[in-house]
Structures are given as C-alpha cells and as structure tokens.
Amino acid sequence: MRKLIWLISLLFIAGQAGAQSLQQKIQAAFNRLQADKQCEYGTVSLTVLDAKTGEQVFGGNANMGLAPGSTLKTVTTITAFNLLGKDFVYQTQFGYNGTISGGNLNGDLIIKGTGDPTLGSSRWETTKEQHILNEMVSALRAAGVSHINGRIIGDDSIYGTQTIPDGWIMQDLGTYYGAGVTGLCWRENQFDITLNPNTGRVGSPISVKGTVPNTPYLTFISELTNGEAGTGDNAYPYIPAFNTNVMYLRGTYAVDQTKMRVSAAIPDPAYDIAYRLTDTLKRLGITVTGDATSTTMLIAKGLSVPPIVKNLNTFFSPNLSQMVYWTNRKSLNLYAEELLKAIAYKAGKTATTANGVETLHNFWSKRGLDTNSMDLSDGCGLSPADRITTRTIATILQSAKKEAWFPDFYESLPIYNDMHMKSGSIHNVLAYAGYQTHAGRELCFSIIVNNYNGSGRSIKDKMFRVLDELK
C-alpha cells in the first residue's frame, strides 16, 4: 500500500514538474522576445490556456489591449458559428417589378442582396460569375422574356449607405482587402488593374494597361512609379470620390515585379453586377432599354428602389462552415465584415458594423467575458483602432473546443510553423492565434506584438521561437 501511495505521489510530482517546466520554458522564451531590440518600443503579449479546462498555462501582459490584426477573425467567426449556426446561408433574390406580356418585361429587373460575400466568387463552382449570369439568363428565358422595357437594378439597400467601417484608413479603401461591405456583393467586390511592363528604371512612371474584367465605366489616372528591386508591391488604388468615376493609382511597384497587376476594390458592386448582366443580355440578343443602375446611384438622383413583385430565382450561398474556411484560410476581410453585419441583422438590429460589434459584445458578456477587454471597430482586424487582449482571444478559442462545429472551425485555420493558427498583420503589428498539442495536452494561445521595428520576417521568426515551446 505504501509503495502504491509512493508511486502515485511520484507521478503527481513528475506531472507538476512537467507543467512547471513548460511554463518556465515559455517564460524564458517570452522574456527573450520582450527584451529583443525589435520590441524595444513595442509591446508583447501572450496567453496560453489548457484547451479543455481553460486553465491558464502562461500569461504575459495577458490583459493588455492591443491591435490584433486579422487574428480578430477568429473571434468574429466563432461568434458567427454560435449565433448564426454552421448551416447558415445567404439568399440573393432575382426578380422583377412590372408585368410580362408577349415576351416583353415592362418593368425593371432587380437583383436584391442580403450580404452574400460569395456571389460571383471563383471559390465554388456554384458561385462563379459565369454560372450566376447563366442562371439569371436561364430564369429570364424560362419566363419567356426576350425584351426588357426597363432597367437592371442592383439592390444593396439592406445594409444602408455606409459600406466602410469607421476606423479604416484612407490608403486601404481602394485595395481589394479594403473593399466596401455591401448588401449586394459581386466577385468579392474586387477586380484587377493590369499594368504596362516595367521599364527597369527606378522612379519612372508606370501606366495602366487595362482591367480584368474590362471596366469601361471607370477612368484610371496612374501616379505609380517603379520602385527599387526587392521593395515589392506598394501600389495603392484610390476609390473614386462620390459621384465621379476616376480611380487613382499611387505608390511604387518594384522593378523586379513580374505580375504587373494590382487588385482593387469595385467602387459600387451592385452597379457592377447590373452592368455585367445588362452586357450579357445584350450580347445574347435580349434587349434592355434602360441603363444598369444601383441603389447608390438611384439615391443620388433622389429616386427609390422598386420592390420585387415576382421572384424568378433565388441564389444560395455556401453554408457558414464553408465560408468560414475561406475567411480564415485566406484572411478575407469582406467575409468577416459581412458575417458581423449578418449577426446584427439576425439579432433584429439594423445591419451596421457598429451593431454587429454590439451584438458580439453582448453575446460574450453573457458568457462571462468582460467586454472592456475588447474595444472593436470592425470584425476583420483591419482597423488600427481595434483593441483586444490575448487573454480574451485565447478564452474565446478555448470556448469553441467543446462545440459540435469545432472541427469545421479548426480546419479553417491555416498552418504556419507546423501549427494550426490564424495570423494577423497591419502596420508594425504581428499576431497569431490557434491551437497546439504539447505532450498530449491540448493548448490554445494568442500572441500579439504591437509597434515592433525592423523586418516583419525577422519578428515572425522570433515569435515562432516562442511558440515552438508549445510543441
């Protein structure tokens, strides 16, 4: 009996020593990172929790609010799983206002969105641009329509007129990752600007060659110049000022860059889908007497958007699990922001970013989190004003572990440094959040560095050395 007690005591002590050893190793690695010259004027925070029990394994500056970059997407997508459900889908209506007689539609064709970020996306066969347009044409032909005596309207009114969350910076707004959060999305609200070949001379101008797809309704003025080799793509498109169609391209594009294209935000996605459908119908011999237009354009003219009186087709998005996969794998800001608005809308509130944040706060407050630990301006982490603690992110990650949809969420996390974790980066900010198993013990973690100096690649490697202690 004494031998048994001695053996149990020995195993307990060994377990405690192992736990202390892990904590000590993390502490030493954390201290090295915190003392590194790259963090001399910066802030480092790390929280590691037991993913099953929620017990804190390590906390370093764990309750300090910091900019999380795109690791905030883990918070938004976990909240979406909880409030929308893994089978949630968006629906886009395609119908008309008026009457059909003798092959003539006397009225307007209307595409009414509910915030589906996948409509026209190339990520699924059923969402691709050509598939959607073909389905719309088929619906019209099935209804016997060969002539439209009216307009084609892209209706994104469900989200109101503010498409850009407060707190996003001007430089991001014309880029593909700063595309507006609209009620009717199209091609993930982005297109490509192609550039004429580099001259090889630093400082020489670069002109615009065209766009993919062709976008004749926009005019481009390039102030872009060739940058030094190795400086990469620092080209920034600037969206047109209200009621204009001129898009500026500014910054530098390195002389050794070969892609020669810049991805940009579509200024008015609702108009673009209406324009593409109008163009498709005319090429197929279905005449349209009116112009393509959108909610934004009609409001600017003091006009209202007519309702759909007869639906011809409904387009369904992939389910939430599938959307979350791409949200986190490819860090799609648009998807995260659309989900945040959908959370507000389902809660019975006006679908705004601010209401989405409020709904998110209310949900986690009821789960026992102090929402003072997160001061958020958006759902994707693009805003430099976002603040959240690593303790809060890790706690939310830990809460997901017991849910039936957890395997779908876990699968959405990219793999960096042989670890399942979401990355996040904005100016002088780098962060990671995810899961790792150490000696059979499942852990979840969040690490953030704000205001580092020097190379992003270098600080990443140093952060990975800290996270290596969790392996």
Filtering region 293-352 down to residues that are more than 28 Å from residue 139 (Cβ to Cβ), under 16 Å from the mean Cα position of the chain (by Cα), open to solvent by 40 Å² or more (accessible area, probe 1.4 Å) and not basic (Lys, Arg) yields 325, 352
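I'm trying to understand the selection: among the residues of region 184-203, which are surrounded by 12 or more Cβ atoms within 10 Å (Cβ to Cβ) and more than 21 Å from residue 295 (Cβ to Cβ)?
Here is the first cut: in region 184-203, the ones surrounded by 12 or more Cβ atoms within 10 Å (Cβ to Cβ) are 184-196, 198-199, 202.
192, 193, 194, 195, 196, 198, 199, 202 - these are the residues of region 184-203 that are surrounded by 12 or more Cβ atoms within 10 Å (Cβ to Cβ) and more than 21 Å from residue 295 (Cβ to Cβ).
This table checks each residue for (1) open to solvent by 10 Å² or more (accessible area, probe 1.4 Å); (2) in contact (Cβ under 8 Å) with a residue 24 or more places away in the chain.
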{"position": "21", "(1), (2)": "yes, no"}
{"position": "41", "(1), (2)": "yes, yes"}
{"position": "45", "(1), (2)": "no, yes"}
{"position": "49", "(1), (2)": "no, yes"}
{"position": "52", "(1), (2)": "yes, yes"}
{"position": "90", "(1), (2)": "no, yes"}
{"position": "93", "(1), (2)": "yes, yes"}
{"position": "96", "(1), (2)": "yes, yes"}
Is it the case that some residue within region 263-276 is open to solvent by 60 Å² or more (accessible area, probe 1.4 Å) and closer than 21 Å to residue 128 by Cβ? no
Residues in region 69-88: is at least one touching a Pro at 6+ places or on another chain (Cβ under 9 Å) and open to solvent by 30 Å² or more (accessible area, probe 1.4 Å)? no
Write out, first by first residue and then by second, each pair whose Cβ atoms fall under 9 Å of each other, whose residues are 6+ apart or on separate chains, and whose first residue, in region 375-389, is crowded, with 24+ Cβ neighbours inside 10 Å while the second is in a loop (DSSP other than H, G, I, E, B) and among the polar types (S, T, N, Q). 376/383; 380/331; 381/331; 386/377; 389/61; 389/63
Odd one out for residue 435 among (1) out of contact with any strand residue (DSSP E or B) (no Cβ under 6 Å at 6 or more places or on another chain); (2) open to solvent by less than 20 Å² (accessible area, probe 1.4 Å); (3) over 17 Å from residue 45 (Cβ atoms): (1)
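Given 101, 122, 138, which one is of a type in the set (Ser, Thr, Tyr), open to solvent by 10 Å² or more (accessible area, probe 1.4 Å) and out of contact with any strand residue (DSSP E or B) (no Cβ under 9 Å at 6 or more places or on another chain)? Can you show your working first?
Details: 122 fails: out of contact with any strand residue (DSSP E or B) (no Cβ under 9 Å at 6 or more places or on another chain); 138 fails: out of contact with any strand residue (DSSP E or B) (no Cβ under 9 Å at 6 or more places or on another chain).
Going through 101, 122, 138 in turn, the sole match is 101.
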Any chance residue 108 is charged (D, E, K, R), closer than 30 Å to residue 312 by Cβ, open to solvent by 30 Å² or more (accessible area, probe 1.4 Å) and at pLDDT 95 or above: no
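The values are calculated or read from the model by the stated rules, or taken from the named source; none is laboratory data. Only a predicted model underlies this, so the values are computations on that prediction, with no experimental measurement involved. Glycine also receives a Cβ, built like all others from the backbone with ideal geometry; neighbour counts cover every protein chain displayed. SASA here: full protein model, heavy atoms, side chains in, ligands and nucleic acids out. Shrake-Rupley method; radii C 1.70, N 1.55, O 1.52, S 1.80 Å.
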